[in-house]
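Here is the structure we will look at, set down as structure tokens.
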Amino acid sequence: QVQLVESGGGLVQPGGSLRLSCAASGFPFSMYAMSWYRQAPGKERELVAIITSPGTTNYADSVKGRFTISRDNAKNTVYLQMNSLKPEDTALYYCRADYRGYWGQGTQVTVSS
């Protein structure tokens, strides 16, 4: 069955960095776009970044220049490198596969001093 398992979240001070990982299984990973979403308390889930099968990327304006999405097709894993983190980046971060719209369970990122 399809599984998306996120990891790498945690508590970080403003200005710090985290790298999220999403390990995928159960579908032909390299053939599908992958994306990261986030949802803060009381807010709607929003798209953070997407990477297509060939590797084209796109970002929400709020994270451009600070976050980088990448993928390793040999490891069936997509990453989100987050730098210069701000308190407003605090959210539950989800990985999503374009393959039938599967979601991971989410990993919490908290940016606070």
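In table form, for the structure just shown:
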{"read-out": "The stretch 3-54 shape via C-alpha gyration tensor axes, a/c threshold 1.5", "value": "prolate"}
{"read-out": "Nitroxide proxy distance, nm - points 7 Å out along Cα→Cβ at residue 74 and residue 13", "value": "3.6"}
{"read-out": "Accessible area of the chain belonging to carbon and sulfur atoms, whole % at 1.4 Å probe", "value": "46"}
{"read-out": "For the chain: accessible area per residue (Å², 1.4 Å)", "value": "52"}
{"read-out": "Prolate/oblate/rounded label for the stretch 34-82 (Cα gyration tensor, a/c 1.5)", "value": "prolate"}
{"read-out": "The chain, relative contact order [Cα under 8 Å, separation at least 6], %", "value": "37"}
{"read-out": "For the chain, the fraction of alpha-carbon pairs in successive 10 Å shells from zero, as %", "value": "16, 51, 28, 5, 0"}
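The values are calculated or read from the model by the stated rules, or taken from the named source; none is laboratory data. Treat the numbers as computed from the prediction; the structure is a model and nothing was measured. Glycine also receives a Cβ, built like all others from the backbone with ideal geometry; neighbour counts cover every protein chain displayed. Keep in mind that these areas ignore ligands, DNA and RNA; they rest on the heavy atoms of the full protein, side chains included. Shrake-Rupley method; radii C 1.70, N 1.55, O 1.52, S 1.80 Å.
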